[in-house]
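Remarks on the structure that follows.
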Amino acid sequence: MAADPSLVASLRELPAAASGRDPVLPGWLRMAVDQEDGDYATYFGAELYERHGGGPKDAVIAALVADLVFLEAQVLCSDAGDGRQLTRTKAAVQALAGLRDLAPDHGPRGGPIDAVDLSALLSGNLDDAKFGELAGSAAAVVSAAVPAATRHVVDITLLPTTPMHDEQMFLRIIQVFEILYAHLAQDLTRATALLDQGDIDATCAVLAKADGRLRATRTLFRVLTTMPSEAFSVIRDNTDGRSAIQSRSHRRVELLSAPPPATTAPPSREPAPAEAAGPTLQEAFLRREPLLSGPEAHRLTAALRALDGSWTTAKRTHWGITLKIIGSVPGTGGTSGADYLEAKSQVPLFPFLHSATA
Ligand code: HEM
């Protein structure tokens, strides 16, 4: 936002031919020159992550979490003695320690991500500078194990609207969530297909992995709660119109789970569902249910219930954090803010599980 307007104007006029030479440049330019017409997609780099993620999604998550730790550790080294920064850096290191749960398919078992031992770091009594230094080194090990193309996409998608490092943390967290939502959408599509084929074991396995990822987001929320209200208020002022309510992958998760309730009127800036997401998992279950044995029905219902519970828990946590950070002011997406999120946290992924006969 603080870039010289003439520089922004030149970038806007960059000939298409020039930007065509580098596959990631057009997507980066849309992020870099979105001062006037930016939205959530240009804010976090949706196009670059969708088209050029640079490798498997779990590698992207690993690179993002490693960068989050790296950024926080750097600040801790330069601001030693700031208790709030130590709390945040520790929370980020906890997220790195839980990376296997957030990104279970990243790298081989026993590879660099499992070899980084963070227990000494988290249980020891180190001074801030030493903690920052060791946290930064651990992040570097994880990052080095990620394909260079993935690191490149992650490196170029940190374009905050303010110079505040709190916003860098915020951006990295929403990027991890975005990749997780995309994962979840994929898992729901896969589970629906497997269920239609009658493969109950494989369906339950896909659902269990998705549930594990969702539950692991508690470490990300812990980092997010360290956001001071005053800092977020500045970020809010600069990100009007860039609300995560526009998240397409979040919407897809909802649309692939169950048909939307007929009565839900979209809040002001929520985009109408752009595409039919496809058959839903709830419908697939109800179709298959008459053919299931008792134990099969029981296992599937338990797996769906677990995912449903993790989803609403994450939504309730998001609501709680929002209430703490912005109170009851409206959101940047034009909704009532925390009240809207509270209502959304009560909408299950699979409503049939909550009906009287389930
Ligand atoms: C400081 C932390 C945060 C605050 C204060 C906050 C606040 C809000 C508010 C007020 C809304 C309502 C829509 C609006 O009017 O803007 C919202 C929606 C949403 N936020 Fe956040 N948010 C935070 C962090 C995050 C993070 C890290 C993510 C991860 C991607 C996220 C994802 C979402 C999603 C997906 C919605 C739409 C929810 C729905 O329609 O059910 N938020 N947020």
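The values are calculated or read from the model by the stated rules, or taken from the named source; none is laboratory data. Just so it is clear, the model here is predicted, and its values are computed rather than measured. FYI the Cβ positions are ideal-geometry reconstructions off the backbone, even for glycines, and counts take in every protein chain you see.
I'm checking my understanding of the structure. Among residues of the range 263-297 that are closer than 25 Å to G337 by Cβ and small (G, A, S), which one is modelled with the highest pLDDT? Reasoning before the result, please.
Residues of the range 263-297 that are closer than 25 Å to G337 by Cβ, as a first pass: 263-274.
Then drop every residue that is not small (G, A, S), which leaves 265, 268, 272, 274.
Details: A265: 55, S268: 50, A272: 50, A274: 50.
That would be A265.
If you go through the range 207-216 one residue at a time, do you hit one that is within 18 Å of the chain's Cα centre (by Cα), under 15 Å from L64 (Cβ atoms) and in contact (Cβ under 8 Å) with a residue 24 or more places away in the chain?
Yes, the range 207-216 contains at least one residue that is within 18 Å of the chain's Cα centre (by Cα), under 15 Å from L64 (Cβ atoms) and in contact (Cβ under 8 Å) with a residue 24 or more places away in the chain.
Restricting to the range 211-232, name every residue that is among the small types (G, A, S) and near the ligand (Cβ under 10 Å from one of its atoms). Spell out the reasoning first.
Taking the range 211-232 and keeping what is among the small types (G, A, S), we get 212, 216, 229, 231.
Within the range 211-232, S229, A231 qualify.
Could you tell me whether T313 is in the same structural domain as P260 (by TED's automatic domain parsing), β-branched (V, I, T) and within 26 Å of K209 (Cβ to Cβ)?
Working: in the same structural domain as P260 (by TED's automatic domain parsing): yes; β-branched (V, I, T): yes; within 26 Å of K209 (Cβ to Cβ): yes.
Taking the combined requirement at face value, the residue satisfies it.
Scan the range 284-299 residue by residue and report those that are surrounded by 14 or more Cβ atoms within 10 Å (Cβ to Cβ) and in contact (Cβ under 8 Å) with a residue 60 or more places away in the chain.
A284, F285, R288, L292, E296, R299
Would you mention how many residues in the range 191-208 are surrounded by 18 or more Cβ atoms within 10 Å (Cβ to Cβ) and either within 14 Å of the ligand (Cβ to nearest atom) or of a type outside the set (A, V, I, L, M) (or both)? Give the derivation first.
As a first pass, look at the range 191-208 and keep what is surrounded by 18 or more Cβ atoms within 10 Å (Cβ to Cβ): 191-192, 194-195, 200, 203-204, 206-207.
Checking which are either within 14 Å of the ligand (Cβ to nearest atom) or of a type outside the set (A, V, I, L, M) (or both) leaves us with 192, 203-204.
So the answer is 3.
Can you tell me which residues in the range 304-328 are within 14 Å of F352 (Cα to Cα) and surrounded by 19 or more Cβ atoms within 10 Å (Cβ to Cβ)?
The answer is L304, L307, D308.
The conditions are (1) more than 26 Å from G241 (Cβ to Cβ); (2) in a loop (DSSP other than H, G, I, E, B); (3) of a type outside the set (D, E), and V65 fails exactly one of them. Which is it?
(2)
Condition check: outside the structural domain of F170 (by TED's automatic domain parsing), closer than 18 Å to L159 by Cα and among the aliphatic types (A, V, I, L, M). Does L29 satisfy that?
Details: outside the structural domain of F170 (by TED's automatic domain parsing): yes; closer than 18 Å to L159 by Cα: yes; among the aliphatic types (A, V, I, L, M): yes.
Answer is yes for this residue.
Taking helices (runs of 4 or more DSSP H) that do not extend beyond the range 123-218, which have at least 2 residues that are over 28 Å from G81 (Cα atoms)? Before you say what the answer is, go through the steps one by one.
Working: elements: 128-144, 148-156, 165-196, 200-216.
It comes to 148-156, 165-196, 200-216.
If you go through the range 5-27 one residue at a time, how many are part of a helix (DSSP H, G or I), modelled with pLDDT of 85 or more and of a type in the set (A, V, I, L, M)? Walk me through it before giving the result.
Taking the range 5-27 as the starting set, the residues that turn out to be part of a helix (DSSP H, G or I) are 5-12, 16-20, 25-27.
Adding the requirement that they be modelled with pLDDT of 85 or more leaves 5-12, 25-27.
Subsequent filtering for residues that are of a type in the set (A, V, I, L, M) retains 7-9, 11, 25.
Number of matching residues: 5.
Yes/no matrix, rows are residues, columns are (1) crowded, with 16+ Cβ neighbours inside 10 Å; (2) free of Cβ contacts under 8 Å to residues at least 24 places away in the same chain:
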residue: L99; (1), (2): yes, no
residue: G107; (1), (2): yes, no
residue: V116; (1), (2): yes, no
residue: K130; (1), (2): no, yes
residue: A135; (1), (2): yes, no
residue: A140; (1), (2): no, no
residue: A149; (1), (2): no, no
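Restricting attention to the range 219-244, report how many residues are outside any helix (DSSP H, G or I) and either polar (S, T, N, Q) or at pLDDT 95 or above (or both).
So in the range 219-244, the residues outside any helix (DSSP H, G or I) come out as 225-228, 239-243.
From what's left, either polar (S, T, N, Q) or at pLDDT 95 or above (or both): 225-228, 239, 243.
Final tally of qualifying residues: 6.
Keeping to the range 35-58, report how many residues are surrounded by fewer than 19 Cβ atoms within 10 Å (Cβ to Cβ), modelled with pLDDT of 85 or more and assigned to a loop (DSSP other than H, G, I, E, B).
Result for the range 35-58: 5.
Please work out if D39 is touching a Leu at 6+ places or on another chain (Cβ under 9 Å) and among the charged types (D, E, K, R).
No.
Would you pick out the residues in the range 312-358 that are near the ligand (Cβ under 7 Å from one of its atoms) and without any contact (Cβ under 8 Å) to a residue 12 or more places away in the chain?
Within the range 312-358, the subset near the ligand (Cβ under 7 Å from one of its atoms) is 315, 318, 321-322, 325-326, 330-335, 337-338, 340-341, 344.
Residue satisfying the conditions is P330 alone.
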